[in-house]
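Peer 1: Please read through the structure below; I'll follow up with questions.
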Amino acid sequence: MYRKQPVKAPRRGPGLIKGLVGSLSLVTSLAALPSAAQAQPQAPETCKQLLASGNPQYPPYLWRDPDDENKLVGANADLMQMLAKEIGIPIDVRYIGPWGRVQEETRAGRNDLIAGAFFTLPRTEYMDYFHPAFRETRSVVWTRDNQRLNYRRWADLASLQGVTVINNSFGEDFDRYARDNLKISTVASLEQAIQMLQKGRADYLVYEDSPGAAYLAKMNILDLKSLSPAVANENLHLTLSHKSACNTPELRGRITRAVYKLARSNVMQGLIDKNIQLWRKQNQ
């Protein structure tokens, strides 16, 4: 009877076995891992420029350039150029509308930086604040020279009609008190608010002392005065929109270090003195 001879398996050298094991390991690894696109999210495009804006009726801090009304000039604009050198990214300081519009554009992410904003909790919902603040300011009560207004504390304003600029803030404490206890109407511009006060359509104006005095000089108004004590002493901060395409942890770190360095070097006082002179020269 014919007997089948067992088939001998081919001899496998150590090199062949090693290759098979390597191939199987590669296949197993590829099957276990997600695709390269899933494993590594695409890095955002490099931030090549930042757009900054702020309150355009805010001399000596910010105002529209009379030679190019699409630009903002002032102490805060100068500070942005110093910041740009520190972080290595150009900053374009532009006029994009009145103060309320600036905040709307920042909320939407169409404006990256606000060059000067007071801290309020609602604003933290759409932008990051950098510390330390780069300037402390005084907000005061303005009234007519011939008006007897006995002001010593916020409650003294309760029976009077006030005015200020729309979307302005004077710090969390005063904003909350004013909302609950005071009658303060809002208008689009500081010039309009000053005119309302001068014409007796409001008893007082709440606004910062230096910008208020600058606009009174520009409008040649001599019959308004500020009262003491200040309504609030608040800090001006640089902020970055949550929706800015440039808002990354790495950039926030660079800006924080730069703001800290500039604040420690106390550059703002020199910039303010320089821009007070520039404002006066432009409005002679």
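Just so you know, all these numbers are worked out from the coordinates, no wet-lab data involved. For clarity, every value in this text was computed on a predicted model and none was experimentally measured. Every residue, glycine among them, receives a Cβ derived from its backbone with ideal geometry; neighbour counts consider all protein chains shown.
Peer 1: What does the charge add up to near Ala232, with Lys and Arg as +1, Asp and Glu as -1, over the other residues with Cβ less than 13 Å from its Cβ?
Peer 2: Its environment carries a net charge of -4.
Peer 1: Still on this structure, please answer the following. Just report the Cα centroid separation between the range 86-156 and the range 200-277, whole Å.
Peer 2: 7
Peer 1: Near Gln161, within a Cβ-to-Cβ distance under 10 Å, what is the net charge of the other residues, with Lys and Arg +1 and Asp and Glu -1?
Peer 2: Its environment carries a net charge of +1.
Peer 1: Could you give the dipole magnitude of the range 138-233 about its Cα centre, charging the beta-carbon of Lys and Arg +1 and that of Asp and Glu -1, in debye to the nearest 20?
Peer 2: I would put it at about 240 debye.
Peer 1: Let me ask something additional. Report the one residue of Leu222, Ile184, Tyr207 whose Cα lies farthest in the direction of the positive end of the charge dipole of the range 138-233 (charges on C-beta: Lys and Arg +1, Asp and Glu -1; origin at the Cα centre).
Peer 2: Leu222
Peer 1: Computed over the Cα atoms, what is the radius of gyration of the range 138-233 divided by 2.2 N^0.38 Å, N being its residue count?
Peer 2: The value comes to 0.96.
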